[in-house]
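This report concerns only the one structure given below.
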Amino acid sequence: MSAKSLRARLSLWLALQSLAGLGLVCGALYLALDWTLAQRRHETLAQKETAVRELLAEGRADHRPEELPHLLDDMLAGHGDLALTLTDGAGRTVFARPLPADVPAPAHRFAVTVDGWPAPVQATLQLDPRADAALLQRMAWLLLLAALGGTAVISLGGWLLVRLGLGPLRQLAAQTGRLDADTLAQRLDGRAQPAELQPLIAQFNALLDRLATAYAQMEAFNADVAHELNTPLATLISGSELALRRAHSAAELQEVLGSNLEELDRLAHIVADMLFLSRAQRGSSARRTQVASLATLAAEVAEFHEAALQQAALSVRIAGDAAAAVDAGLLQRALSNLLGNATRHATPGSTVLLAIARQDGRTAITVENQGATTAPEHLPRLFDRFFRADPARSQADQHHGLGLAIVAAIARMHGGGTLAESAGGRTCIGLWLGDAQMTQTSSDGAAS
(Lines give C-alpha, C1' and ligand atoms only; values in the text may rest on other atoms or scores of the structure.)
Protein backbone atom coordinates (compact mmCIF):
# COMPACT_ATOMS: atom_id res chain seq x y z
CA MET A 1 0.00 0.00 0.00
CA SER A 2 1.50 3.31 -1.10
CA ALA A 3 1.87 5.93 1.60
CA LYS A 4 0.09 9.27 1.23
CA SER A 5 2.34 12.25 0.80
CA LEU A 6 2.68 14.65 3.70
CA ARG A 7 1.56 17.47 1.41
CA ALA A 8 -1.65 15.63 0.50
CA ARG A 9 -2.44 14.79 4.12
CA LEU A 10 -1.80 18.34 5.37
CA SER A 11 -3.83 19.83 2.49
CA LEU A 12 -6.70 17.41 3.14
CA TRP A 13 -6.77 18.17 6.86
CA LEU A 14 -6.63 21.90 6.15
CA ALA A 15 -9.52 21.59 3.69
CA LEU A 16 -11.61 19.60 6.18
CA GLN A 17 -10.89 22.07 8.98
CA SER A 18 -11.71 25.00 6.70
CA LEU A 19 -14.98 23.37 5.64
CA ALA A 20 -15.87 22.63 9.25
CA GLY A 21 -15.00 26.15 10.40
CA LEU A 22 -16.78 27.94 7.60
CA GLY A 23 -19.72 25.54 7.94
CA LEU A 24 -20.06 26.42 11.61
CA VAL A 25 -19.85 30.14 10.89
CA CYS A 26 -22.40 29.95 8.06
CA GLY A 27 -24.68 27.75 10.13
CA ALA A 28 -24.51 30.26 12.98
CA LEU A 29 -25.36 33.09 10.54
CA TYR A 30 -28.32 31.11 9.19
CA LEU A 31 -29.66 30.43 12.68
CA ALA A 32 -29.17 34.07 13.66
CA LEU A 33 -31.09 35.20 10.60
CA ASP A 34 -33.88 32.71 11.28
CA TRP A 35 -34.13 33.93 14.88
CA THR A 36 -34.12 37.56 13.74
CA LEU A 37 -36.94 36.97 11.27
CA ALA A 38 -38.95 35.10 13.90
CA GLN A 39 -38.47 37.97 16.32
CA ARG A 40 -39.54 40.44 13.62
CA ARG A 41 -42.73 38.44 12.95
CA HIS A 42 -43.44 38.32 16.66
CA GLU A 43 -42.97 42.10 16.98
CA THR A 44 -45.12 42.73 13.91
CA LEU A 45 -47.97 40.67 15.37
CA ALA A 46 -47.60 42.47 18.70
CA GLN A 47 -47.79 45.85 16.98
CA LYS A 48 -50.89 44.83 15.01
CA GLU A 49 -52.49 43.48 18.16
CA THR A 50 -52.00 46.92 19.74
CA ALA A 51 -53.46 48.61 16.67
CA VAL A 52 -56.53 46.33 16.69
CA ARG A 53 -57.07 46.95 20.38
CA GLU A 54 -56.85 50.70 19.87
CA LEU A 55 -59.29 50.48 16.99
CA LEU A 56 -61.81 48.43 18.93
CA ALA A 57 -61.28 49.94 22.35
CA GLU A 58 -63.22 52.67 24.12
CA GLY A 59 -63.46 55.92 22.25
CA ARG A 60 -64.29 54.06 19.08
CA ALA A 61 -67.75 53.04 20.24
CA ASP A 62 -69.27 55.92 18.27
CA HIS A 63 -68.54 54.02 15.08
CA ARG A 64 -71.35 51.96 13.77
CA PRO A 65 -70.77 48.22 13.43
CA GLU A 66 -71.13 48.39 9.64
CA GLU A 67 -68.18 50.81 9.54
CA LEU A 68 -65.87 48.41 11.34
CA PRO A 69 -64.78 46.43 8.23
CA HIS A 70 -63.79 49.65 6.48
CA LEU A 71 -61.74 50.75 9.46
CA LEU A 72 -60.00 47.39 9.66
CA ASP A 73 -59.33 47.39 5.91
CA ASP A 74 -57.76 50.82 6.25
CA MET A 75 -55.58 49.56 9.12
CA LEU A 76 -54.42 46.52 7.13
CA ALA A 77 -53.77 48.51 3.98
CA GLY A 78 -50.21 47.82 2.73
CA HIS A 79 -49.91 44.61 4.80
CA GLY A 80 -50.81 41.93 2.27
CA ASP A 81 -49.00 39.32 4.33
CA LEU A 82 -51.20 39.93 7.40
CA ALA A 83 -54.51 38.12 8.08
CA LEU A 84 -57.15 39.12 10.68
CA THR A 85 -60.33 37.40 11.78
CA LEU A 86 -62.81 38.81 14.35
CA THR A 87 -65.67 36.82 15.88
CA ASP A 88 -68.27 38.09 18.35
CA GLY A 89 -69.45 36.39 21.50
CA ALA A 90 -71.96 34.28 19.56
CA GLY A 91 -69.23 32.93 17.28
CA ARG A 92 -70.30 34.97 14.26
CA THR A 93 -67.55 36.31 12.05
CA VAL A 94 -67.47 40.07 12.25
CA PHE A 95 -64.44 40.55 9.98
CA ALA A 96 -62.35 38.12 7.99
CA ARG A 97 -59.23 38.61 5.92
CA PRO A 98 -57.68 35.14 5.82
CA LEU A 99 -54.49 33.78 4.28
CA PRO A 100 -54.62 31.19 1.52
CA ALA A 101 -55.55 27.76 2.78
CA ASP A 102 -52.23 26.22 1.76
CA VAL A 103 -50.14 28.71 3.74
CA PRO A 104 -49.19 27.36 7.18
CA ALA A 105 -48.94 30.22 9.63
CA PRO A 106 -49.19 30.20 13.43
CA ALA A 107 -52.27 31.99 14.84
CA HIS A 108 -51.94 34.81 17.35
CA ARG A 109 -55.25 35.00 19.32
CA PHE A 110 -56.41 37.58 21.81
CA ALA A 111 -59.71 39.01 23.17
CA VAL A 112 -60.77 42.66 23.00
CA THR A 113 -63.55 44.26 25.01
CA VAL A 114 -65.55 46.72 22.91
CA ASP A 115 -67.96 49.21 24.55
CA GLY A 116 -71.49 48.56 23.59
CA TRP A 117 -70.82 44.98 22.60
CA PRO A 118 -72.35 42.32 24.77
CA ALA A 119 -69.23 40.11 24.80
CA PRO A 120 -65.51 40.45 24.08
CA VAL A 121 -64.45 40.11 20.50
CA GLN A 122 -62.08 37.22 19.72
CA ALA A 123 -59.34 38.30 17.33
CA THR A 124 -56.95 36.04 15.38
CA LEU A 125 -53.84 37.48 13.69
CA GLN A 126 -51.65 35.56 11.21
CA LEU A 127 -48.52 36.65 9.36
CA ASP A 128 -47.60 35.05 6.03
CA PRO A 129 -44.12 33.40 6.52
CA ARG A 130 -43.45 32.72 2.84
CA ALA A 131 -41.36 35.85 2.25
CA ASP A 132 -39.17 35.03 5.23
CA ALA A 133 -38.88 31.39 4.14
CA ALA A 134 -37.81 32.47 0.65
CA LEU A 135 -35.26 34.84 2.16
CA LEU A 136 -33.94 32.04 4.38
CA GLN A 137 -33.68 29.69 1.43
CA ARG A 138 -31.74 32.20 -0.63
CA MET A 139 -29.49 32.91 2.32
CA ALA A 140 -28.91 29.17 2.85
CA TRP A 141 -27.72 28.75 -0.72
CA LEU A 142 -25.54 31.84 -0.48
CA LEU A 143 -23.99 30.63 2.77
CA LEU A 144 -23.44 27.14 1.32
CA LEU A 145 -21.73 28.57 -1.75
CA ALA A 146 -19.69 30.88 0.49
CA ALA A 147 -18.59 27.95 2.66
CA LEU A 148 -17.64 25.79 -0.33
CA GLY A 149 -15.96 28.65 -2.16
CA GLY A 150 -14.11 29.77 0.95
CA THR A 151 -12.98 26.20 1.57
CA ALA A 152 -11.74 25.91 -2.01
CA VAL A 153 -9.79 29.18 -1.75
CA ILE A 154 -8.34 28.33 1.65
CA SER A 155 -7.46 24.80 0.50
CA LEU A 156 -5.68 26.09 -2.60
CA GLY A 157 -3.79 28.62 -0.53
CA GLY A 158 -3.00 25.94 2.06
CA TRP A 159 -1.77 23.56 -0.64
CA LEU A 160 0.57 26.23 -1.96
CA LEU A 161 1.77 27.11 1.54
CA VAL A 162 2.34 23.45 2.38
CA ARG A 163 4.27 23.02 -0.87
CA LEU A 164 6.44 26.02 0.01
CA GLY A 165 6.78 24.85 3.61
CA LEU A 166 7.95 21.40 2.53
CA GLY A 167 10.58 22.87 0.24
CA PRO A 168 13.32 22.39 2.89
CA LEU A 169 12.44 18.70 3.11
CA ARG A 170 12.84 18.37 -0.65
CA GLN A 171 16.22 20.06 -0.37
CA LEU A 172 17.24 17.64 2.37
CA ALA A 173 16.05 14.72 0.25
CA ALA A 174 18.18 16.00 -2.64
CA GLN A 175 21.20 16.30 -0.35
CA THR A 176 20.74 12.80 1.06
CA GLY A 177 20.25 11.44 -2.48
CA ARG A 178 23.77 12.61 -3.34
CA LEU A 179 25.32 10.62 -0.48
CA ASP A 180 26.95 7.27 -1.13
CA ALA A 181 29.86 5.21 0.12
CA ASP A 182 32.34 7.50 -1.66
CA THR A 183 30.91 10.72 -0.18
CA LEU A 184 30.45 9.77 3.47
CA ALA A 185 32.62 12.73 4.43
CA GLN A 186 29.86 15.12 3.27
CA ARG A 187 27.28 16.35 5.77
CA LEU A 188 23.84 17.85 5.37
CA ASP A 189 23.86 21.63 5.18
CA GLY A 190 21.20 22.91 7.55
CA ARG A 191 22.01 26.62 7.45
CA ALA A 192 19.00 27.42 5.25
CA GLN A 193 16.66 25.02 7.06
CA PRO A 194 14.03 26.04 9.65
CA ALA A 195 14.63 25.53 13.35
CA GLU A 196 12.20 22.58 13.49
CA LEU A 197 14.46 20.57 11.16
CA GLN A 198 17.72 21.37 12.94
CA PRO A 199 17.48 18.47 15.45
CA LEU A 200 16.79 16.05 12.58
CA ILE A 201 19.74 17.38 10.60
CA ALA A 202 22.01 17.17 13.64
CA GLN A 203 20.94 13.58 14.33
CA PHE A 204 21.38 12.62 10.67
CA ASN A 205 24.85 14.16 10.55
CA ALA A 206 25.72 12.32 13.76
CA LEU A 207 24.51 9.12 12.09
CA LEU A 208 26.74 9.89 9.10
CA ASP A 209 29.66 10.35 11.50
CA ARG A 210 28.99 6.92 12.98
CA LEU A 211 28.58 5.40 9.53
CA ALA A 212 31.82 6.95 8.33
CA THR A 213 33.60 5.64 11.41
CA ALA A 214 32.09 2.18 10.95
CA TYR A 215 32.99 2.19 7.26
CA ALA A 216 36.56 3.20 8.04
CA GLN A 217 36.74 0.48 10.69
CA MET A 218 35.36 -2.04 8.20
CA GLU A 219 37.97 -1.04 5.63
CA ALA A 220 40.71 -1.34 8.24
CA PHE A 221 39.23 -4.63 9.42
CA ASN A 222 39.27 -6.02 5.88
CA ALA A 223 42.89 -4.97 5.49
CA ASP A 224 43.78 -6.51 8.86
CA VAL A 225 41.98 -9.75 8.00
CA ALA A 226 43.82 -9.93 4.68
CA HIS A 227 47.14 -9.30 6.43
CA GLU A 228 46.50 -11.85 9.15
CA LEU A 229 45.41 -14.54 6.71
CA ASN A 230 48.06 -13.74 4.14
CA THR A 231 51.03 -14.73 6.30
CA PRO A 232 49.94 -18.30 7.20
CA LEU A 233 48.60 -18.86 3.67
CA ALA A 234 51.87 -17.68 2.15
CA THR A 235 53.76 -19.98 4.52
CA LEU A 236 51.54 -22.92 3.57
CA ILE A 237 51.92 -22.26 -0.15
CA SER A 238 55.68 -21.78 -0.07
CA GLY A 239 56.20 -24.82 2.17
CA SER A 240 54.06 -26.99 -0.09
CA GLU A 241 55.85 -25.75 -3.23
CA LEU A 242 59.26 -26.55 -1.75
CA ALA A 243 58.07 -29.99 -0.71
CA LEU A 244 56.88 -30.72 -4.25
CA ARG A 245 60.05 -29.60 -6.06
CA ARG A 246 62.09 -32.66 -5.12
CA ALA A 247 61.79 -35.95 -3.37
CA HIS A 248 61.88 -35.92 0.42
CA SER A 249 62.28 -38.51 3.05
CA ALA A 250 59.39 -39.44 5.26
CA ALA A 251 60.89 -37.47 8.13
CA GLU A 252 61.23 -34.34 5.99
CA LEU A 253 57.66 -34.64 4.73
CA GLN A 254 56.49 -35.14 8.29
CA GLU A 255 58.27 -31.93 9.28
CA VAL A 256 56.63 -30.03 6.40
CA LEU A 257 53.20 -31.38 7.31
CA GLY A 258 53.76 -30.46 10.96
CA SER A 259 54.67 -26.89 9.99
CA ASN A 260 51.63 -26.70 7.73
CA LEU A 261 49.44 -28.03 10.53
CA GLU A 262 50.63 -25.25 12.83
CA GLU A 263 49.69 -22.63 10.24
CA LEU A 264 46.34 -24.29 9.64
CA ASP A 265 45.71 -24.34 13.38
CA ARG A 266 46.49 -20.63 13.50
CA LEU A 267 44.05 -20.02 10.64
CA ALA A 268 41.40 -22.09 12.41
CA HIS A 269 41.84 -20.02 15.57
CA ILE A 270 41.46 -16.76 13.63
CA VAL A 271 38.31 -18.00 11.89
CA ALA A 272 36.85 -19.34 15.16
CA ASP A 273 37.51 -16.04 16.94
CA MET A 274 35.98 -14.06 14.09
CA LEU A 275 32.87 -16.29 14.16
CA PHE A 276 32.59 -15.77 17.91
CA LEU A 277 32.86 -11.98 17.49
CA SER A 278 30.25 -12.12 14.74
CA ARG A 279 27.78 -13.94 17.02
CA ALA A 280 28.47 -11.50 19.83
CA GLN A 281 28.01 -8.55 17.46
CA ARG A 282 24.54 -9.82 16.55
CA GLY A 283 23.44 -9.35 20.15
CA SER A 284 24.00 -12.74 21.76
CA SER A 285 24.00 -12.68 25.55
CA ALA A 286 25.72 -14.97 28.00
CA ARG A 287 24.11 -18.01 29.60
CA ARG A 288 24.64 -17.06 33.21
CA THR A 289 24.74 -19.22 36.31
CA GLN A 290 25.63 -18.29 39.86
CA VAL A 291 29.36 -18.58 40.63
CA ALA A 292 30.16 -18.42 44.34
CA SER A 293 33.79 -17.32 43.96
CA LEU A 294 35.23 -15.48 40.98
CA ALA A 295 38.66 -15.68 42.65
CA THR A 296 38.56 -19.47 42.32
CA LEU A 297 37.68 -19.07 38.64
CA ALA A 298 40.61 -16.67 38.20
CA ALA A 299 42.97 -19.08 39.98
CA GLU A 300 42.09 -21.80 37.48
CA VAL A 301 42.95 -19.46 34.61
CA ALA A 302 46.24 -18.47 36.26
CA GLU A 303 47.12 -22.14 36.68
CA PHE A 304 46.48 -22.67 32.95
CA HIS A 305 48.99 -19.88 32.18
CA GLU A 306 51.54 -21.07 34.73
CA ALA A 307 54.05 -22.27 32.14
CA ALA A 308 53.90 -19.04 30.12
CA LEU A 309 54.23 -16.98 33.30
CA GLN A 310 57.27 -18.93 34.45
CA GLN A 311 58.86 -18.56 31.02
CA ALA A 312 58.34 -14.76 31.22
CA ALA A 313 59.62 -14.72 34.86
CA LEU A 314 56.29 -13.38 36.15
CA SER A 315 54.10 -14.13 39.12
CA VAL A 316 50.37 -13.63 39.62
CA ARG A 317 48.54 -12.26 42.63
CA ILE A 318 44.76 -12.46 42.91
CA ALA A 319 43.16 -9.76 45.06
CA GLY A 320 39.53 -9.59 46.12
CA ASP A 321 36.63 -11.89 45.46
CA ALA A 322 32.94 -11.69 44.62
CA ALA A 323 30.00 -13.88 43.76
CA ALA A 324 28.20 -13.23 40.51
CA ALA A 325 25.93 -14.81 37.92
CA VAL A 326 28.18 -15.31 34.88
CA ASP A 327 28.91 -17.67 32.04
CA ALA A 328 31.92 -19.35 33.63
CA GLY A 329 33.40 -20.57 30.35
CA LEU A 330 33.15 -17.15 28.67
CA LEU A 331 34.56 -15.36 31.70
CA GLN A 332 37.50 -17.78 31.84
CA ARG A 333 38.16 -17.05 28.18
CA ALA A 334 38.14 -13.30 28.84
CA LEU A 335 40.45 -13.66 31.86
CA SER A 336 42.77 -15.91 29.83
CA ASN A 337 43.04 -13.26 27.11
CA LEU A 338 43.66 -10.51 29.66
CA LEU A 339 46.31 -12.55 31.44
CA GLY A 340 47.97 -13.52 28.15
CA ASN A 341 48.07 -9.86 27.11
CA ALA A 342 49.64 -8.86 30.43
CA THR A 343 52.18 -11.69 30.13
CA ARG A 344 53.39 -10.41 26.75
CA HIS A 345 53.82 -6.81 27.93
CA ALA A 346 54.88 -7.17 31.59
CA THR A 347 58.42 -6.46 32.75
CA PRO A 348 60.22 -9.74 33.59
CA GLY A 349 60.44 -10.33 37.32
CA SER A 350 57.33 -8.27 38.10
CA THR A 351 53.98 -9.36 39.51
CA VAL A 352 50.73 -9.35 37.57
CA LEU A 353 47.78 -8.26 39.73
CA LEU A 354 44.38 -9.77 39.00
CA ALA A 355 41.85 -7.76 41.02
CA ILE A 356 38.17 -8.55 41.61
CA ALA A 357 35.92 -5.92 43.18
CA ARG A 358 32.22 -5.23 43.62
CA GLN A 359 31.41 -1.54 43.38
CA ASP A 360 28.62 0.74 42.20
CA GLY A 361 26.31 -2.25 41.76
CA ARG A 362 28.60 -4.06 39.29
CA THR A 363 31.50 -6.49 39.35
CA ALA A 364 34.84 -5.29 37.95
CA ILE A 365 37.76 -7.62 37.06
CA THR A 366 41.08 -6.04 36.08
CA VAL A 367 44.55 -7.31 35.22
CA GLU A 368 47.41 -4.91 35.99
CA ASN A 369 51.04 -5.32 34.90
CA GLN A 370 54.24 -3.31 35.04
CA GLY A 371 55.81 -2.40 31.72
CA ALA A 372 55.87 0.18 28.96
CA THR A 373 53.15 2.81 29.24
CA THR A 374 50.54 2.70 26.51
CA ALA A 375 50.04 6.02 24.72
CA PRO A 376 46.74 7.72 25.63
CA GLU A 377 45.60 7.82 21.99
CA HIS A 378 45.90 4.02 21.84
CA LEU A 379 43.80 3.27 24.93
CA PRO A 380 40.35 3.76 23.28
CA ARG A 381 41.36 1.37 20.47
CA LEU A 382 42.83 -1.46 22.52
CA PHE A 383 39.62 -3.46 22.19
CA ASP A 384 39.32 -3.01 18.40
CA ARG A 385 39.77 -6.07 16.24
CA PHE A 386 43.34 -6.66 15.03
CA PHE A 387 44.55 -3.48 16.70
CA ARG A 388 48.12 -3.45 17.94
CA ALA A 389 49.83 -0.52 19.55
CA ASP A 390 53.02 -1.78 17.89
CA PRO A 391 52.78 -0.69 14.23
CA ALA A 392 55.51 -3.15 13.25
CA ARG A 393 53.20 -6.02 14.37
CA SER A 394 55.92 -7.72 16.33
CA GLN A 395 54.98 -11.14 17.73
CA ALA A 396 52.26 -11.34 15.07
CA ASP A 397 53.05 -15.01 14.66
CA GLN A 398 52.15 -15.62 18.33
CA HIS A 399 48.83 -13.74 18.56
CA HIS A 400 46.53 -12.21 15.97
CA GLY A 401 45.10 -9.16 17.71
CA LEU A 402 41.60 -10.45 18.56
CA GLY A 403 42.12 -11.25 22.25
CA LEU A 404 41.00 -7.92 23.72
CA ALA A 405 38.20 -7.62 21.13
CA ILE A 406 36.90 -10.94 22.47
CA VAL A 407 37.15 -9.56 26.02
CA ALA A 408 35.00 -6.59 24.99
CA ALA A 409 32.49 -8.92 23.32
CA ILE A 410 32.22 -11.12 26.43
CA ALA A 411 31.73 -8.01 28.58
CA ARG A 412 28.86 -6.87 26.32
CA MET A 413 27.32 -10.35 26.46
CA HIS A 414 27.22 -9.91 30.25
CA GLY A 415 25.63 -6.47 29.97
CA GLY A 416 28.88 -4.75 30.86
CA GLY A 417 31.84 -2.98 29.30
CA THR A 418 35.61 -2.59 29.31
CA LEU A 419 38.14 -0.31 30.95
CA ALA A 420 41.77 0.54 30.27
CA GLU A 421 44.29 2.76 32.05
CA SER A 422 48.02 3.22 31.59
CA ALA A 423 50.32 5.61 33.42
CA GLY A 424 53.64 5.59 35.26
CA GLY A 425 54.76 2.25 33.87
CA ARG A 426 51.61 0.43 34.99
CA THR A 427 48.83 -0.72 32.66
CA CYS A 428 45.44 -1.86 33.92
CA ILE A 429 43.00 -3.51 31.51
CA GLY A 430 39.77 -5.25 32.45
CA LEU A 431 36.02 -5.55 32.16
CA TRP A 432 32.97 -5.00 34.29
CA LEU A 433 29.84 -7.14 34.40
CA GLY A 434 26.26 -5.96 34.67
CA ASP A 435 23.66 -7.52 36.95
CA ALA A 436 22.45 -10.90 35.74
CA GLN A 437 19.32 -11.05 33.59
CA MET A 438 19.67 -14.83 33.22
CA THR A 439 19.22 -14.66 29.46
CA GLN A 440 19.51 -18.12 27.94
CA THR A 441 21.47 -18.05 24.69
CA SER A 442 24.18 -20.19 23.24
CA SER A 443 27.76 -19.29 24.09
CA ASP A 444 31.25 -20.49 23.34
CA GLY A 445 33.10 -21.07 26.56
CA ALA A 446 36.41 -22.56 25.43
CA ALA A 447 39.47 -20.78 26.78
CA SER A 448 42.16 -19.81 24.33
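The values are calculated or read from the model by the stated rules, or taken from the named source; none is laboratory data. This structure is a prediction, so every number in the text was calculated from the model and none was measured. In this analysis, Cβ positions are derived from the backbone assuming ideal geometry, glycine residues included, and neighbour counts consider all displayed protein chains. Note: areas computed on protein heavy atoms with side chains; ligands, DNA, RNA excluded. Shrake-Rupley method; radii C 1.70, N 1.55, O 1.52, S 1.80 Å.
Using the Stokes-Einstein relation with a Kirkwood hydrodynamic radius computed over Cα pairs, the translational diffusion coefficient of the chain at 4 °C and a viscosity of 1.567 mPa s comes to 40 µm²/s. Packing order of peptides 48-57, 70-79, highest average first: 48-57, 70-79 (average count of other Cβ atoms within 10 Å over each peptide's residues).
From the square roots a ≥ b ≥ c of the eigenvalues of the alpha-carbon gyration tensor of the range 161-284, which class results: rounded (a/c under 1.5), prolate (a/b over b/c), or oblate? Taking the square roots of the gyration eigenvalues as a ≥ b ≥ c, the range 161-284 is prolate. Comparing Pro199, Ala133, Gly78 along the charge dipole axis of the chain, the residue lying farthest to the positive side is Pro199, per the Cβ-charge model. Using a probe of 1.4 Å on the protein chains alone, the accessible area found for Ile270 is around 0 Å². Using the Cβ-Cβ distance between Ala90 and Thr50 with R0 set to 22 Å, the FRET efficiency works out to roughly 0.25. A protection proxy built from the mean count of other Cβ atoms within 10 Å ranks the segments 289-298, 174-183, most packed first, as 289-298, 174-183. Packing-based ranking of 189-202, 421-434, 7-20, 336-349 yields 336-349, 421-434, 7-20, 189-202, ordered from highest to lowest mean Cβ neighbour count within 10 Å. Which residue fluctuates the most in the chain, going by a Gaussian network model with Cα springs under 10 Å, if the choices are Ala325, Ala32, Ala223? Its mean-square fluctuation being the largest, the pick is Ala32. Of Thr363, Thr418, the residue with the largest accessible area leads and the full order is Thr418, Thr363 (1.4 Å probe). For the chain, complete DSSP H runs whose alpha carbons reach 24 Å or more along their own long axis and whose mean Kyte-Doolittle score is 0.0 or higher are 6-56, 130-165, 198-245, 250-281. Amide H contacts of Asp327: Thr289, each under 5 Å away and 5 or more positions distant or on a separate chain (H built 1.01 Å from N in the peptide plane; Pro and chain starts excluded). With contacts taken as Cα pairs under 8 Å and at least 6 residues apart, the chain reaches a relative contact order of 12 percent. Between the C-alpha center of the range 8-61 and that of the range 261-295 there is a gap of 86 Å.
Which listed residue (Val316, Ser259, His345) has the Cα farthest towards the positive end of the charge dipole for the range 244-351, taking +1 on Lys and Arg C-beta and -1 on Asp and Glu C-beta about the Cα centre? It is His345, whose Cα lies furthest towards the positive end.
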